[in-house]
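The values are calculated or read from the model by the stated rules, or taken from the named source; none is laboratory data. Worth saying up front: this structure is predicted, and the values here are computed from it rather than measured. For neighbour counting, all protein chains shown are included, and Cβ atoms are generated from backbone atoms with ideal geometry for every residue, glycine included.
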Amino acid sequence: MTQAHQLLFRVFAFILGAAVGSFLNVCIYRLPVDLSINRPRRSFCPACKQPIVWHHNVPLISWFLLRGRCANCGAKISFRYFAVELLTALLFLAVWQAFPWQIAVAYWTFVSLLIVGTFIDFEHFIIPDRVTIGGIVAGVVASLAVPALMETNSRVAAGVRSVLAAALGYVILLLILEAGKIAFGRKRIRFDTPTPFTWTKREDDAAFVVGSEKSLWSDHFARKKDRLLLQCDEAKVDNHTYGNLTLDFHYDRVTVENEQFLLDHVNEISGIARELLIPREAMGRGDLKFLAAIGAFLGWRAVLFSLFAGSLVGSIIGLITLVAGKRVWSAKLPFGPYLAFGAISWMFFGDVFLQWYGGLLNP
Ligand SMILES: [Zn+2]
């Protein structure tokens with residue numbers, strides 16, 4: 001190819017990425033709230049619900065020209081829209097530069113799935129099945145179509161490797177999840193005698209004391225959907241008194257006999273408890289399927305690498321937020337984005353990593 005051709009293809013990859021990023025924004029907004037992604041066809045403003053005309057919907061450019069506001073009602077449009085378009089455009093370009101075109105097309109699909117999964121996980125602490133299971137299916141199909149993804153010439157071998165790598169991703173994370181439950185998960189505690197408890201607001205956290213056991217409130221919750229149930233003989237929520245009830249806690253709210261209190265507005269909860277129930281999972285099932293999709297596209301080594309790199313970066317960021325004192329309820333971080341980070345690192349630098357690792361083993 002001449003240089004002019006190469007440049008043309010690069011520009012094309014970038015613009016295609018920006019356009020796909022614009023569509024991914026629609027998926028990120030609509031998938032978790034169960035809105036159809038093709039109806040209405042036109043994008044609409046989340047604030048005033050007005051359809052966005054095409055010349056206000058040009059990827060990257062419109063967000064700048066409208067200064068991040070809706071042209072109709074002036075509502076602020078999240079910076080995320082711009083960020084997703086730019087990120088997708090840059091990754092599409094990088095993939096195009098680094099890989100032969102058949103692999104690049106497969107990786108474009110993969111990168112798109114990672115971006116949707118990551119941004120939905122950030123906001124909702126879930127990764128929808130359409131992203132994860134869809135990703136597994138797409139990965140196996142891509143491997144059958146482009147066996148080079150699985151480093152073989154045989155379609156059958158590529159399909160089998162892809163399926164096995166997906167299974168490895170699911171099973172390895174499932175084992176960690178189950179091991180975590182055995183190590184940390186005291187899920188149901190029935191007290192021998194009725195036991196007094198208190199929940200007391202402490203700045204942006206709370207002290208939770210049951211009997212003689214003291215704990216920080218935020219330590220009991222890893223995800224938005226986590227719950228803590230406390231069966232009580234009696235309980236007091238600020239000035240309200242109740243008898244024989246179950247306190248149904250989420251990290252930021254408590255439901256008592258169909259009445260909901262935001263914990264931000266509550267100073268103290270106390271009472272006598274009989275049983276504590278934590279129906280919790282250390283990780284969402286979405287993460288298992290997400291890692292399986294990574295395996296289906298990148299193979300078994302990428303599963304191990306993504307898990308390792310993701311856990312490492314996750315712990316480092318967790319430590320930083322802890323040291324910086326920024327660890328509040330809302331600062332709980334999902335795992336999906338770290339897995340995605342590991343997968344993208346592997347995609348571009350897996351070979352370098354393997355060479356370095358091989359050098360360590362055979363100096
Ligand atoms: Zn609007």
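The table that follows gives values for the structure above.
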item	result
Filter result for the condition that a residue is closer than 28 Å to ASP226 by Cβ, charged (D, E, K, R), more than 16 Å from the ligand (Cβ to nearest atom) and in a helix (DSSP H, G or I), over GLU85, GLU123	GLU123
Inter-residue pairs, beta-carbon under 6 Å, first at positive phi and in segment 47-74, second more than 10 Å from the ligand (Cβ to nearest atom), 6+ apart	LEU60/ALA18; LEU60/GLU85
Which numbered condition PRO147 misses (of (1) modelled with pLDDT of 95 or more; (2) crowded, with 22+ Cβ neighbours inside 10 Å)	(2)
Lone qualifier among ILE182, ILE189 - being modelled with pLDDT under 90 and either of a type in the set (Asp, Glu) or in a strand (DSSP E or B) (or both)	ILE189
Among the residues listed as ASP226, ASP204, ASP238, the single one being on the phi > 0 side of the Ramachandran plot and touching a residue at least 24 places away in the same chain (Cβ under 8 Å)	ASP238
Count - residues of segment 58-88 that are farther than 21 Å from GLU123 by Cβ and surrounded by 16 or more Cβ atoms within 10 Å (Cβ to Cβ)	4
Residues within segment 89-99 that are surrounded by fewer than 19 Cβ atoms within 10 Å (Cβ to Cβ) and assigned to a helix (DSSP H, G or I), tallied	3
Identity of the residue in segment 4-42, modelled with pLDDT of 90 or more and aromatic (Phe, Trp, Tyr), that ends up farthest from the chain's Cα centre (by Cα)	PHE9
Residues that are surrounded by fewer than 17 Cβ atoms within 10 Å (Cβ to Cβ) and in contact with a helix residue (DSSP H, G or I) (Cβ under 6 Å, 6 or more places away or on another chain), drawn from segment 194-229	ASP205
GLN3 vs. criteria polar (S, T, N, Q) and more than 16 Å from the ligand (Cβ to nearest atom)	yes
Subset of segment 44-80 [within 12 Å of the ligand (Cβ to nearest atom) and among the charged types (D, E, K, R)]	LYS49, ARG69, LYS76
Complete set of residues in segment 126-165 that are over 14 Å from ILE294 (Cα atoms), touching a residue at least 24 places away in the same chain (Cβ under 8 Å) and not in a helix (DSSP H, G or I)	ILE126, PRO128, VAL146, GLU151
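For every residue, the table says whether it meets (1) more than 25 Å from the chain's Cα centre (by Cα); (2) aliphatic (A, V, I, L, M); (3) not in a loop (DSSP other than H, G, I, E, B).
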position: ASP226; (1), (2), (3): no, no, no
position: CYS232; (1), (2), (3): yes, no, yes
position: GLY243; (1), (2), (3): yes, no, yes
position: GLU275; (1), (2), (3): yes, no, yes
position: LYS289; (1), (2), (3): no, no, yes
position: GLY314; (1), (2), (3): no, no, yes
